[in-house]
Amino acid sequence: MMSYQLTTALIGIGFAVCVLLLVGRDRLHTRYSLQWLAAAGGVVLFAMVPQFADRVAHALGVSYPPTLVLLLALILLGVKCLVMDIDRSRQERALRRLTQQLALLEGGRQGEGDGN
């Protein structure tokens, strides 16, 4: 029977392998993969050394260490969502500018054809 530590470590390693495969197949940009690989590494670290979570929780005054791990996961997911929203907003702004520039260029060409 596998322990929860080994199971969790295997999940973290499997997740890291999936991320690497997505990068290799050009489905995930390297910039984003580093964040996911760091998260997978954290899962493996907490799985292989559960005393680490206990020590950190104790130092922060958290009485139940798994709560700290879940809180950290939620915070990381929130930060990841915020970063994705910022990136999407930047892309939408760039797309809007490109669309406006294209409309101006096409409008200028139509104006040239009318004057001849």
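Note on segment 6-25: among residues that are surrounded by 15 or more Cβ atoms within 10 Å (Cβ to Cβ), over 15 Å from the mean Cα position of the chain (by Cα) and aliphatic (A, V, I, L, M), the one that is modelled with the lowest pLDDT is A9. For L76, state whether it is touching a helix residue (DSSP H, G or I) at 6+ places or on another chain (Cβ under 8 Å), outside any helix (DSSP H, G or I) and farther than 25 Å from M2 by Cβ. Against the criterion (touching a helix residue (DSSP H, G or I) at 6+ places or on another chain (Cβ under 8 Å), outside any helix (DSSP H, G or I) and farther than 25 Å from M2 by Cβ), L76 does not qualify.
Of all residues in segment 1-22, which are of a type in the set (A, V, I, L, M) and not in a helix (DSSP H, G or I)?
Step one: of segment 1-22, the residues of a type in the set (A, V, I, L, M) are 1-2, 6, 9-11, 13, 16-17, 19-22.
The answer is M1, M2.
With respect to the conditions (1) surrounded by 10 or more Cβ atoms within 10 Å (Cβ to Cβ); (2) in a helix (DSSP H, G or I), L28 falls short on a single one, namely (2).
Would you say Q51 is touching a Lys or Arg at 6+ places or on another chain (Cβ under 8 Å) and among the polar types (S, T, N, Q)?
On the way: touching a Lys or Arg at 6+ places or on another chain (Cβ under 8 Å): no; among the polar types (S, T, N, Q): yes.
No.
Restricting segment 53-70 to residues that are assigned to a helix (DSSP H, G or I) and loosely packed, with under 14 Cβ neighbours inside 10 Å, the residue that is nearest to the chain's Cα centre (by Cα) is L70.
The values are calculated or read from the model by the stated rules, or taken from the named source; none is laboratory data. Treat the numbers as computed from the prediction; the structure is a model and nothing was measured. When we count neighbours, we look across all protein chains shown, and the Cβ atoms used for this are built from the backbone with ideal geometry, even at glycine.
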